[in-house]
1. If the cut-off is a Cα-Cα distance under 17 Å, which aspartates and glutamates reach LYS112, setting aside same-chain residues fewer than 8 apart in sequence?
2. In the chain, if the dipole is taken from +1 on Lys/Arg beta carbons and -1 on Asp/Glu beta carbons about the Cα centre, which of ILE53, MET307, GLY281 is farthest to the positive end?
3. How many nm separate the modelled label positions at ASP165 and HIS91, each set 7 Å beyond the Cα in the direction of the Cβ?
4. Take the alpha carbon atoms of the range 69-218, find their radius of gyration, then divide it by 2.2 N^0.38 Å using N residues; give the quotient.
5. Strictly under 4.7 angstrom between C-beta atoms: which cysteines of the chain have no such partner?
6. With charges set only on the Cβ (+1 for Lys and Arg, -1 for Asp and Glu), what does the dipole of the range 4-131 come to about its Cα centre, in debye to the nearest 20?
7. Over every pair of different alpha-carbon atoms in the range 166-257, take the mean of 1/r and invert it; report that Kirkwood radius in Å.
8. Starting with the highest mean, order 87-93, 241-247 by the number of other Cβ atoms within 10 Å, averaged over the residues of each peptide.
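Each reported figure results from applying straightforward, stated rules to the coordinates on display, with no laboratory input. Being a predicted model, the structure only gives us computed values, none of them experimental. Methodologically, a virtual Cβ is constructed for each residue, glycine included, from the backbone with ideal geometry; neighbour enumeration extends over all protein chains shown.
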Amino acid sequence: MSTAALLKEISDGDVFDRAAVKALFDLPREDLFARADAVRKDNMGDEVFLRGIVEFSNVCANDCLYCGIRKSNHDVRRYRIEEEEILEVAHRMEGWQQTTIVLQSGEVAADKEDERIERIIRRIKTETRLAVTMSAGNRPHDTYARWRAAGMDRYLLRFETSDPDLFAFLHPDCDLEERIGCLKDLRGLGVQVGSGFMIGVPGETSDILADNILLCRDLDLDMIGIGPFIAHPDTPLAGQANAYAGDTDMFFAAVAALRIVNPKAHIPATTAFDAIFPHAGRDLVLQRGANVFMPNATPGRFRKNYMLYPDKPCVDEDDHQCSGCAAARVWSIGRVIGQGPGHSIKVR
Ligand code: SF4
């Protein structure tokens, strides 16, 4: 299909299938990026929402093959940030135009940590005007319900790959059906749901990449985060190359196609892009479909112990520096910082 014919199909609102998504990957890249940026502007405007991430615990019971803080990595010093310190960060964020706090951790079995998180959510919602996004893995429905009742607005839980066999290989502790079940539980509770995937994990084909994008659409996600696979040296995937190592523009093509197929989702420019394209990766993603920036708000002394992948940027900075840098980057590309909570724009 020609560029013009495919773009006409897009503007006519035709339903995408795998072949059409793969045809997007094959478009001249500048045409694809320009189209994605136009779709972003038409649907999400020029605002970029700042959502600070607090990596509040690196304790995890799971052994995902790609993850630097998997439980079998004994070189990681484990930590849990105290409740009061998390609240101090939340209060600071309000002064920096960050209107959402994202609380991220590893996955642990339901225990007193669930109660602690419930208390932290309630306090943030009572003491600040921040929206609260949680990202703490597969949890029982009851836990999600309690966090929702405490005020949780959103939840991020990436499916990582839509291929069930590849998912099972990468995740010895759960299967794809269970992960999708969690996303459906959250939706049923009225939580805004975010998911996403790695780009180019070993074993991924262009069919799988297209299916990943289509699964995001089929799940009707409110937020979609995707980022390139980067092999961590202390994991079973050490030394493995990204499936698109010879064509790193594919990372951006994936974001652009994602935006075109999911016009009304919030799409962050994820940190992994900066690991591969230092100081420029996230800016380029914002210009190729994304509309959210997630500065690291974790207190500086914990950051080196939350290395999901190597060369993660911003580990030597603190939350104040990351906040200023994020705002400057948004302005430098001619965009404006989002005001208000930046909730989902989808009407159901
Ligand atoms: S990806 Fe998440 S659940 Fe898996 S090992 Fe890492 S922190 Fe744990």
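1. In chain and number order, the partners are GLU82, GLU83, GLU84, ASP142.
2. Working it through, the farthest residue towards the positive pole turns out to be ILE53.
3. Taking the two extended label points, one gets 5.5 nm.
4. 1.12
5. CYS60, CYS174, CYS182, CYS216, CYS314, CYS322, CYS325
6. 200 debye
7. 14.4 Å
8. Top of the packing list down: 87-93, 241-247.
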